[in-house]
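Data first, discussion second: the structure below is written as structure tokens.
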Amino acid sequence: MTGHRCPTCAADAVESERDARRWAEAVCVDLARIGIRLGHRVKVDLVCPDSLQRTAGGAHGFVGGSTRRRYTPFGGTEATGITIARGLTGIHFGSTLAHEIGHCWLTEQGIDGLAAPIEEGVCQVFAGAWLKKQDGRLAGALRDALDSPDEVYGVGYRLVRTAIRERGINAVLTCLRERRRLMCL
């Protein structure tokens, strides 16, 4: 994959499990500082981008990551792992991981059955919060890209971001946890 990237991106690419662990630790520390913590460790695997794209089902565009879930014997769900495309720059890897941690967090909190724009919007807000703590033009560009015209990801991001600006992140996450809705009256 290195032949398709500029030398700067290739030098910063997350290509090994060791690179992934280093970035994952930093992302988890940054998310914990804003109150987002997982109760258990979730394994992060790197895979060939083409393989991830093939398993993404009906997803449009580039798929950088996915969260694996399984049903528990008691009727719940649990996040069992995160898969991320090998070769992303560290900042892109971190943003993708923060998004996927959002899916794990929602699963861990028992927040299921959300409309796709709301679930993806929450995860995009987690990615945006992590990107906001990073330096450089790539982090800024990736953060700007969250506000896309996409009917699920972009619309969801704007809905959740607006709710958080109006009511605060704790109120929004509590409402999602208790009522499975973005806004509680």
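The values are calculated or read from the model by the stated rules, or taken from the named source; none is laboratory data. Please read these numbers as outputs of a predicted model, since none were measured by experiment. Because the Cβ atoms are built from the backbone with ideal geometry, glycine has one as well, and the counts that use them run over all protein chains shown. With ligands, DNA and RNA removed, areas are computed over all heavy atoms of the protein, side chains included. Shrake-Rupley method; radii C 1.70, N 1.55, O 1.52, S 1.80 Å.
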query = What are the residues whose amide H is under 5 Å from the amide H of ARG68, where those residues sit 5 or more places off or on another chain and H is modelled from the backbone?
reply = THR80, GLY81, ILE82, THR83
request  = Grab the DSSP H runs of the chain that are 4 residues or longer, score each as -39,500 (n - 2.57), total them, divide by all residues and round the 222 nm result to the nearest 500 deg cm²/dmol.
outcome  = -16500 deg cm²/dmol
inquiry  = How high is the relative contact order of the chain? Use alpha-carbon pairs under 8 Å, at least six apart in sequence, and give a whole percent.
reply    = 19
request  = Can you send over the carbon and sulfur percentage of the accessible area for the chain, probe radius 1.4 Å, protein chains only?
outcome  = 52
query = What full-extension length gain, to one decimal in nm, is calculated for ILE34 and ASP144 as 0.36 nm per residue of separation minus the Cα-Cα distance?
reply = 37.6 nm
request  = First measure r as the distance between the Cβ atoms of ASP135 and ALA115, then evaluate 1/(1 + (r/R0)^6) with R0 = 22 Å and state the FRET efficiency to the nearest 0.05.
outcome  = 0.05
request  = Using θ = phi - 60° and the Karplus relation 6.51 cos²θ - 1.76 cosθ + 1.60, list the HN-Hα couplings for segment 127-136 in order, rounded to whole Hz, with x at every Gly or Pro.
outcome  = 4, x, 5, 5, 4, 4, 7, 9, 9, x
request  = Write down the accessible area per residue of segment 80-131 in Å², having rolled a 1.4 Å probe over the full set of protein chains.
outcome  = 21
key: DSSP-defined antiparallel bridges as percent of all bridges, the chain, nearest 5   = 60
note = Shape call for segment 44-175, from the Cα gyration tensor axes a ≥ b ≥ c (a/c under 1.5 means rounded, otherwise prolate when a/b beats b/c, else oblate), comes out oblate
Accessible-area ranking of HIS99, HIS92, largest first, probe 1.4 Å = HIS92, HIS99
